[in-house]
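To start, the structure under review is shown below, and the notes come after it.
Just so it is clear, none of the values below were taken in a lab; they were calculated from the coordinates. This one's a predicted model, so the numbers in the text were calculated from it and none came from an experiment. In this analysis, Cβ positions are derived from the backbone assuming ideal geometry, glycine residues included, and neighbour counts consider all displayed protein chains.
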Amino acid sequence: MNTRRDFLKTSALGAGALTLGSPLRGIAAGTSSTGTPKRFIFIRKSNGLRPAELALPTFSSQEAAKNSKKEAFEVDLDKHELPVWMQSLEQYKSNLTMLHGLSAKMSENGHWSYSSVMGAFKSGRNSLSGIKRATIDFEMAKLFPSPFGHVELSLTGSYSSFRTGIVSGYSAPAAHQRNYCYADPQTAYNELFKSVINPGAVDSDNAMLKFLQNEESFKAEVIGGYEKLKLSNHISSIESIRGRNQKLEAISENIAKHLPELSPIHADGGPNASTPEKQKAMTDILVAALITGLTNVVTYTIDELSTPIKGLPGNEGDQISIHELGHNGGYSGVGADKIRENIRIGHMEQVVTIIEKLKQVPEGSGTMFDNTMIMYFPENAETHHSHGTEAPQIVLSGKNCNLDMAGRYIRLPYHATEGHKTIGNWYTTLLNTHGNPIEHYGDFDLDMARKKLDQAGAIKQLMI
Amino acid sequence: MTPPLSQLTALHAAVIYLIAGIMLSSASQVQARTWTSADGAQSFEGELEAYDPGSGILSVTIDGKTGTFNHAILSVADINYLKSLGEFKREKQRPKPVAKAEASAPSTESNGSSVKPVTANKAPGRSFKVHEQAAQLIDYYCIDCHEDGTEKGNMRFDNLESHSRDGWVDTLNKMQEQIHFGNMPPEDEDQFTEEERSQMLAWLSQELESLNANKLEEKLRTPAYGNYVNHKDLFSGEYKDLKPFTPGRRWLISEFIFDAKINGMLDHYPRQNIDGKQQEVLGDNNRKVNITNPFLLPTHSGVRDYANTGLNGGHLLTMITNGKETANHMMYLVGRNHRYLPSVNEILKREDEHKAILDSREKFLKNFIDRELVDIYGDKNESMLPAFVSVVDPNEQKAKDKDIKIAAFHSAAPGQDELADIFHTMKKVEESGDSDAQLIAKCERAWFYYGLNERKIASRVTFLQNYMEDWRKNIIQHKYEERQKPPVYKQLDTGEMKTIEETILAQREKGDRYIDIIGKCMAVWSAEFKQERVEAGDAPREQVETLIEEMFVKVLERSPTSEEAEQYVDLTESYFDSLGNREGIKKLIQTLMLRSDFAYRHEFGEGQEDAFGRKMLSPRDASYAISYALTDSSPDKELQEAAQSGRLNTREDYQREVVRLLEKRDQYYVIDEAVQRLENTASITNQPIRKLRFFREFFGYPQLLAIFKDNKRFGGDYDQSKARLVTETDRLIEHILQNDKDVFTELLTTEDFYVYHSGDNEAMTASSERIRTIYEYFKDLDWENFEIEDLRKHKEFLAKVEMRGVNVKDLEPKGRRNPIREFKRAMESFTIRLDEGETAAAPYVSFPAHGPYNASTRTGLQLRGPQVAKFFNIKLDNWNYPSVQPAKMEHRKGMLTHPAWLIAHAKNTETDPIHRGKWIQEKLLAGTIPDVPITVDAVVPEDHTKTMRQRLDDKTKQPECWGCHVKMNPLGLPFEMYDDFGRFRTEETLEHPDNLIEERPSKAAPHVDLRDIYKTLPVNPKGKLVGTGDPALDGDVKHAIDLAERLGKSDKVRQSIIRYAFRYFMGRNEFLSDSATLIDADRAYLETGGSFDAVIVSLLTSDSFIYRKSNNP
């Protein structure tokens, strides 16, 4: 249970992390004095990740029995084959963790979880007041600051067409706030790489900020006391945004060097682009945002129940509803199971692309992937109409990962049993191992609480 | 006894030097170390402060600053080193006295203790001084309890020299706060004289100001410190002649005002069906444009919106994107409504005209290019078309598994626009006798020549191949022939047709598809028009001036000053030059939204100062102050007119407008969007929204929405019930405010509540009676064994009562429809509600159903969440439903016994007597509770053999805790007669697996109690009321109801609520100079028989509200 003392301890570090002396800040945030940060990619998928879909085909009968009974155990992946849909990760088995047995009952379940799965709270059907805290991605971004801080991408829609432009996101920068999110590759490209591709827009932004700064400074001259402080804060805020823009300009050469190529099919929101094409373009942008140093944390909703699936291999001509797949509807003679598998295969291809692209970027004595964690997980736990008892994570991590988990299939004790872990424990683990010693992140599981089972803190077995 | 200053020793008259910085002892040197990161890329020097091998967390100090992190980020060597140390905590350093001090003897004159002198300045350049007199006072009054060995409250003054700057500042701030608030010296010790107290505070303040670290001033502005102005002083009348005022200020807009402003800018005025009538509703922010509200208020119970809040970088960053999104949408509105921003239309007139022409040509070509090309090229047209290539691979054979469930039509259709387009093509190409395959082939060819994307064609073809039968039914069902009529060929005017023909002839090349031809023509025409605009030159300056005027009014709700007008015209012209007119206007909107006066309300006073240095609000600022006091919206038309016509200059003017707004009932508001979203609950009122919101925030019950609770412990569906609970609490307060008699007493002692009720007595009575009518009609018949033919015998009655799922016109079971089953389910449910002699049934649905049935909300939606009754210990299978509400509920008296308040002031799994008591102490008794000392582990220990009260006593009755807890526990413990769901109880359930007696099911019908059964212990709800100042009320209380009755009679409670109302409407804490305002408001309440409206009128016509005084230095 969180105590007031722990909370203060946590808050103090959270607030102080940015004001500590530079060497300590570097260490505390897990970065080096040369400025190598850790990167985190959170990939949200819809429609659940069914426990059976993660079972390894080469489990021994004993392991298979434990797995189906949801008993805790773990195996090394190098001694096993991966499920069909994960075959493309075969060469990265040593970087792969299949983390099973986490639960997410404290977040919204059923069809959608909105912000709650990354904040471990009930979102109150996506109401702003339901957002209780900054989501885990924003917490990680605080530990690894960057010009953009955090980037959110999504491929969502209205069943027949994709959302485009800048839209409401799923992450939360703070309690009661919903993040903005880039909904199509062209918008993401235009906004993220604006300093290079549209310097005129940046100039006009700067001109506007300069004008406002002068104007507010003039007003501040004629008042005093506490009210002057309010205006000074306003002016400081403008200054800090100008400062951020300057930082962006300073790295524009690097941005130009790594600018992704975007197909013309994505122009005007890309109404004719297929879903795999959109995913590929988003992947390119995601990777470029990391490589160019614009951000260290990306949250990517690769699909959501209302995302239209168009141009899926095996069902190229179909317009597929993920929601319908959840109700086992098939298309053009192909069953829902198979289509769901094909969708996941497409997702894994994107994960592999991210790994390969990051591996091509030298960093320190290795590559950028060495300092990266990719987390692929269902936004609504175990199935289409989920209950939250199982919320598996597929994690790909580089060799400098702060956790000891790679190369293993790990099944933790089942929900509401001794030793069970929740997504709150998982996020606490991420925070603790990267410089935030918070005792527990997120709401507690009430079944665990009712049974008086200990549930606070990190997952010790994953820590080095 | 208070010694005169002159009696203190000479030693203490000396200046004492205190040294900042960390001093290393020989022991700590062992932990000074060069640490290396896990990847070996970096290292740093630092001293280990603490290490916990269990969690891997360590603290290290570098250059006087300490950071905490996990050992995982360190090298293996470092980790091994740490592990070799095991659990570690560095010892605190002992101070060393300075030579000068060592030479002097400590004081023994007063109590034998002293402020110990300083040994040496270990951190050159960083020394602090305790003023001579302050040192004397500390020595006399404080040191006895705050030295090594006693160190009360974790404070020591004998080792001040060991403090770093932060420690020094922290200690001084704590001293200042304790002395300022009169907490120190303790009551049973010698007290400062007024002079000494002033001297001590003056020194502390001066020292902290010099370090720019005075937290007290800032704290005193915050809601948590409002009660620190002495209550007796405020109401005694001793200070009533002081002249009230509010300091001139900027007041950051609230989240509600922000939304209202944005809605106004975007012409977003949604309507809802309320009581069967379409009404405009403010506060429904379901806009088409995505805006993030950065002006969020804190979530604590009490007054949330204070004028001392400032804007920060996070606000502004969000506003940049908000500005961009708003500007985009405003430009969209400009295109739809020429009265929205006429100057924009004027500036973009030529551009819009060109766009209209281009749109017209494009539309014509998109619809009729095939025909047009035949007209232009005749027989040659065919030869100029590209060779058709089908998207359908004739060799592809998909093995279709017939057992696979086929996706429903709506889940495979490509969207409404696409379907319309497909329909139009079908109509164009289909000939009588065509088979489906032929028709699809013709469509495909048409789409190919048109030039649709290959994937889009494939998608349409696949859809038609798989769903043609369903599609044809859909065409009929949705009346495509009428609603999606294909375009009828009609030529544009001659000149346009000539232009089109000439351009096509010039641009078309062999092999071009239609879309290529259209694209080429459009590009040519766009370029021509653009050139035409360039040649026409910039927008005239007068047009830009008008634009600035309109934009200021739209965004900032005022005209620009002449200086502003000039500056903004120049700025806008520069935007036009660099971005073009359209984008330039968007940039202007964004700029205006980033100004500080968009974010802040302006209240500085205007005109001549009165004899007391005060100025009245300007009429314009007053109109906003009044409007925002009662609503979230800008001044309405009447207020604006009053301000503009000189009718907002006197107290009487204010009164006229305030009364008018309070009486207004023709405007509806959304009370809480979050509640509205949950289970589609109606959350609406037509009272001025801020009046109701005061009590929502004061009692803090909406906070229950964020408290995560267990269905199993609730014994039903908690999530489905909580929105209903909140909205029914809103309704109760609205009811009391509507009556406006003895409002505070009513709120604290009413026995009548709303439980599963829409607020419409007539409708709820009808709904309940309908169930009874059906039950009475069938109860003596053998309905349990009815067959369809039996139902048919009662067709006439069934047609009249309309039972869901029982359509008398079609009683045959079909598919999932089974009238006899639904009839029996309903009758079973009705019987449960009425078979124990109940005279009325609660009108909830008998089985899950979409849409309204039985009872509806006032907005016409299904009334959900009947399990709300469980909070009131009501069993759904034995509830004599009161159709007319509010109605008396057992074991309840007032808001503090309402489950909503009780849950909001409880924890996830247990009650919270401390915070319930604290709430009463602070909100109703105008009392103060100091912050929990940082050293206190504020957790009630677990013990599943004891009640909460017993566990709490074990923890808080320790001497170091009881000093504060005596102010809270006796007020909170009476509420132990309710559990953490607000249910009345006489026995406390000891929820622990060891105490489990019977496990109940996890899911069942709404009337079934799902709670597991555990061992229990009797509840002791006794407590004590201290602090009303009324001997007839203070004293032992039997339980919460006894407590509520006494609180309801207390003058101090009434005055305390008025103090909170003052803060709410003024946006600040009260000063002593506001005494007259508070006394007047209290008098107004009493003289009007407890009217809260009278309190509001009094406050909003007070000097505190009307006058501003400069706070410039």
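Numerical summary
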item	result
Amide H partners (placed H, <5 Å) of B:D912, local residues excluded	B:K907
Segments A:262-269, B:1063-1070 sorted - mean Cβ within 10 Å per residue, highest first	B:1063-1070, A:262-269
Translational diffusion coefficient (Stokes-Einstein; Kirkwood radius from C-alpha pairs) of the protein assembly as shown at 4 °C, 1.567 mPa s, in µm²/s	35
Over the range A:57-187 - Rg/Rh using Cα atoms and the Kirkwood inverse-distance radius	1.06
Amide proton proximity set for A:V361, modelled H, under 5 Å, gap of 5+	A:M368, A:F369
Distance (nanometres) between label positions extended 7 Å along Cα→Cβ at B:Q950 and B:L297	4.3
Pairwise FRET efficiency - B:R647 versus B:D610, Cβ, R0 = 25 Å, nearest 0.05	0.75
FRET efficiency, B:S578 to B:K349 (Cβ-Cβ, R0 25 Å, nearest 0.05)	0.70
Gained length - B:K243 relative to B:D931, 0.36 nm times residue gap less alpha-carbon distance	244.4 nm
Among beta bridges that DSSP assigns inside chain B, antiparallel share in %, nearest 5	90
Rg(Cα)/(2.2 N^0.38 Å) for the range B:450-543, N = residue count	1.67
Gain in span if fully extended, B:D782 to B:K89, counting 0.36 nm per residue against the direct Cα distance	241.5 nm
Debye equation applied to the C-alpha atoms of the range B:984-1113, log10 I(q)/I(0) at 0.10, 0.18, 0.22 Å⁻¹	-0.61, -0.98, -1.23
When each of A:K69/A:K451; A:K70/A:K399; B:K232/B:K1024; A:K194/B:K520 is checked by Cα-Cα distance, pairs over 25 Å	A:K70/A:K399; A:K194/B:K520
Potential extension, B:D52-B:I376 segment - 0.36 nm per residue separation minus Cα distance	107.9 nm
Zone residues, the range B:826-841, relative to B:N880, backbone N less than 11 Å from point 7 Å out along Cα-to-Cβ	B:837-840
Using θ = phi - 60° and Karplus 6.51 cos²θ - 1.76 cosθ + 1.60, couplings along the range B:973-988 (whole Hz; Gly, Pro as x)	5, x, 7, 5, 6, 10, 8, 6, 9, x, 7, 5, 7, 10, 10, 9
Calculated FRET value between B:K793 and B:E509, using beta carbons and R₀ = 56 Å, to 0.05	0.10
Dmax and Rg, reported as Rg then Dmax, of chain A (C-alpha, Å)	22.5, 80
Counted charge near B:Y449, where neighbours are those whose Cβ lies closer than 9 Å (Asp, Glu -1; Lys, Arg +1)	+1
Three-way shape label, the range B:176-222, alpha-carbon gyration tensor, a/c 1.5	oblate
Expected-Rg normalisation [2.2 N^0.38 Å, Cα atoms] applied to the range B:876-972	1.34
Label-to-label distance, nm, for residues given as A:D76 and B:K814 (7 Å Cα→Cβ offset)	6.5
Inter-part distance where the range A:367-392 and the range A:203-244 are each reduced to a Cα centre, Å	42
Spin-label pair A:S240/B:E496, simplified geometry with 7 Å Cα→Cβ offset, distance in nm	5.4
Packing-based ranking, highest mean first, of B:853-863, B:197-207 given that Cβ atoms within 10 Å are counted	B:853-863, B:197-207
Mean separation of Cα contacts under 8 Å (6+ apart) over length of chain B, as relative contact order %	13
Unit charges on C-beta of K, R, D, E only; dipole of the protein assembly as shown, Debye	1420
Cα-based convex hull volume of the range B:251-356 per residue, rounded to whole Å³	148
Computed [θ] at 222 nm, deg cm²/dmol, the protein assembly as shown (DSSP H ≥ 4; -39,500 (n - 2.57); rounded to nearest 500)	-13000 deg cm²/dmol
Spin-label proximity, B:K1015 to the range A:440-464 - amide N less than 20 Å from point 7 Å beyond Cα toward beta carbon	A:450-453
Amide H within-cut-off set for A:Y180, under 5 Å, with H built and near neighbours excluded	A:G169
Rounded to whole Hz, the Karplus (6.51, -1.76, 1.60) HN-Hα couplings of the range B:200-207, x for glycine and proline	4, 5, 5, 5, 4, 4, 4, 5
Listed pairs A:K280/A:K310; B:K870/B:K1052; A:K38/B:K89; B:K277/B:K809 exceeding 24 Å between Cα atoms	B:K870/B:K1052; A:K38/B:K89; B:K277/B:K809
The range B:749-894: C-alpha gyration tensor shape, a/c 1.5 cut-off, then a/b vs b/c	prolate
Equivalent ellipsoid dimensions for the range A:314-384 as semi-axes, Å, which come from the Cα gyration tensor, largest first	34, 14, 7
Relative contact order, percent, the range B:383-536 [alpha-carbon distance under 8 Å, six or more residues apart]	35
Size-normalised alpha-carbon gyration radius of the range A:108-257, reference 2.2 N^0.38 Å	1.27
For residues of A:328-338, the mean tally of beta carbons on other chains within 10 Å	5
Mean projected area (nm²) of the alpha-carbon convex hull when the range A:210-342 is viewed from all directions	12.7
Pairs of Cα atoms farther than 22 Å apart, the range B:279-416, %	74
³J(HN,Hα), Karplus 6.51/-1.76/1.60, whole Hz, each residue of the range B:1063-1079, x for Gly, Pro	4, 5, 7, 9, x, 7, 6, 7, 9, 4, 6, 8, 3, 4, 4, 5, 4
Whole-number D in µm² s⁻¹ for chain B, Kirkwood Cα-pair radius fed into Stokes-Einstein, 25 °C, 0.890 mPa s	67
Over 27 Å between alpha carbons, listed pairs A:K230/B:K261; A:K132/A:K210; B:K709/B:K955	A:K132/A:K210
